[in-house]
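J.: Shown below is the structure under consideration.
The values are calculated or read from the model by the stated rules, or taken from the named source; none is laboratory data. Everything numeric in this text was worked out from a predicted model, so none of it was measured. Cβ placement follows ideal geometry from the backbone for every residue including glycine, while neighbour counts extend to all protein chains displayed.
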């Protein structure tokens, strides 16, 4: 038996608006959701709300979670042509194995939504494809997939249900669902947080990479000089960024919320997923000097060459808008780029091309 629940997402959204004094990004979500403003709201959700912010102690939600719930709740109520027929096997079957037999997004259970996003976290490097001319792309429309998933999230967060007599409540015992004394089930807040974390980072990273500007410079490996002292001084940065490269998309944010009073290092995240993990070793300088060297090996050395450019990760604002218009490297789950003014992301096969591009643009603005 299924019934519509009180839309607690909307009430949480209103409380958040009051506590944050209706800041501009929040006010964008107050009017009706329409096909004409849906893409802008998705972009605002990704760029204006920080997934890495710790949740409010009372609600267990941060502003990103609340706005995401408001967005998905509104999407449940709006018509989305193609949603009922969206077939995961047809769209994703060639990219990643599905963890269940149900193919229609419109029929997914809450647990299947969680399992799907967990699979896509692990398979992200197969989903996001690099082309030397086009840059990053996917073989399916990622934004429509996200719309369908959020719409299905909205269905489950707006409803409660009873189970038939004799059905097991294992997902109540593991904390995925809550049940009241009359047998009505709802999705638990920690489970919502866990799913919203990865949906937000996944959407933000896909959008940033696909819309990035590709920089070409075939001679960059000869023009940027790498010295032994750069190599030696950059080892700590190498170990940090190599570990970040090995973490699944969204997993750092998920871990920081699940273990918010214990989290202090991304090392915890990678060992949580793979207890037998062994960290990578930096390549010899002779290998890094070669054309198209691994960004994982290059970035730490480039940080030594120009220390004014910092590096950001998924939990430190890599995918957020930057009002300061400063330059920053990004490394999110092993996807690297250089973010410039107006939040424009530049990507290249060789990170040295991006450093030269930064130097050229910075020099031009001074004259």
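J.: Having 2 or more residues that are closer than 24 Å to residue 340 by Cα and in contact with a helix residue (DSSP H, G or I) (Cβ under 7 Å, 6 or more places away or on another chain) is the bar; report the helices (runs of 4 or more DSSP H) wholly within segment 264-322 that clear it.
T.: The helices (runs of 4 or more DSSP H) meeting that bar are 295-305.
J.: Please work out if residue 354 is buried (at least 23 other Cβ atoms within 10 Å of the Cβ) and either assigned to a loop (DSSP other than H, G, I, E, B) or touching a residue at least 60 places away in the same chain (Cβ under 8 Å) (or both).
T.: yes
J.: Could you grab me the full set of residues in segment 330-352 that are out of contact with any strand residue (DSSP E or B) (no Cβ under 9 Å at 6 or more places or on another chain) and either under 14 Å from residue 214 (Cβ atoms) or in the same structural domain as residue 128 (by TED's automatic domain parsing) (or both)?
T.: Once the filter is applied, which keeps residues that are out of contact with any strand residue (DSSP E or B) (no Cβ under 9 Å at 6 or more places or on another chain) and either under 14 Å from residue 214 (Cβ atoms) or in the same structural domain as residue 128 (by TED's automatic domain parsing) (or both), segment 330-352 yields only 350.
Residues checked against (1) in the same structural domain as residue 51 (by TED's automatic domain parsing); (2) farther than 17 Å from residue 353 by Cα; (3) in contact (Cβ under 8 Å) with a residue 24 or more places away in the chain:
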{"site": "285", "(1), (2), (3)": "no, yes, yes"}
{"site": "306", "(1), (2), (3)": "no, no, yes"}
{"site": "314", "(1), (2), (3)": "no, yes, yes"}
{"site": "328", "(1), (2), (3)": "no, no, no"}
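J.: So, in segment 328-341, of the ones that are assigned to a loop (DSSP other than H, G, I, E, B) and out of contact with any helix residue (DSSP H, G or I) (no Cβ under 6 Å at 6 or more places or on another chain), which residue ends up surrounded by the most Cβ atoms within 10 Å (Cβ to Cβ)?
T.: Applying the filter and picking the extreme gives 333.
J.: Answer with yes or no whether residue 360 is in the same structural domain as residue 288 (by TED's automatic domain parsing) and buried (at least 16 other Cβ atoms within 10 Å of the Cβ).
T.: It is false that residue 360 is in the same structural domain as residue 288 (by TED's automatic domain parsing) and buried (at least 16 other Cβ atoms within 10 Å of the Cβ).
J.: Which residues, counting only those in segment 241-263, are surrounded by fewer than 18 Cβ atoms within 10 Å (Cβ to Cβ) and not in a loop (DSSP other than H, G, I, E, B)?
T.: If the condition is that a residue be surrounded by fewer than 18 Cβ atoms within 10 Å (Cβ to Cβ) and not in a loop (DSSP other than H, G, I, E, B), then 258 is the only one that fits.
J.: Among the residues of segment 74-110, which ones are buried (at least 16 other Cβ atoms within 10 Å of the Cβ) and assigned to a helix (DSSP H, G or I)?
T.: 74, 75, 76, 88, 91, 92, 105, 110
J.: Go over the candidates 70, 125 one by one and state the one that is in a helix (DSSP H, G or I) and buried (at least 20 other Cβ atoms within 10 Å of the Cβ).
T.: 70
J.: Restricting the search to segment 134-160, which residues are assigned to a loop (DSSP other than H, G, I, E, B) and surrounded by fewer than 17 Cβ atoms within 10 Å (Cβ to Cβ)?
T.: 134, 139, 140, 141 - these are the residues of segment 134-160 that are assigned to a loop (DSSP other than H, G, I, E, B) and surrounded by fewer than 17 Cβ atoms within 10 Å (Cβ to Cβ).
J.: Limited to segment 120-148, what total is found for residues that are free of Cβ contacts under 8 Å to residues at least 60 places away in the same chain and over 19 Å from residue 36 (Cα atoms)?
T.: Of the residues in that region, 7 qualify.
J.: Check 247, 203 and return the single one that is in contact with a helix residue (DSSP H, G or I) (Cβ under 6 Å, 6 or more places away or on another chain) and not assigned by TED's automatic domain parsing to the domain that holds residue 354.
T.: Testing whether each residue is in contact with a helix residue (DSSP H, G or I) (Cβ under 6 Å, 6 or more places away or on another chain) and not assigned by TED's automatic domain parsing to the domain that holds residue 354 leaves just 203.
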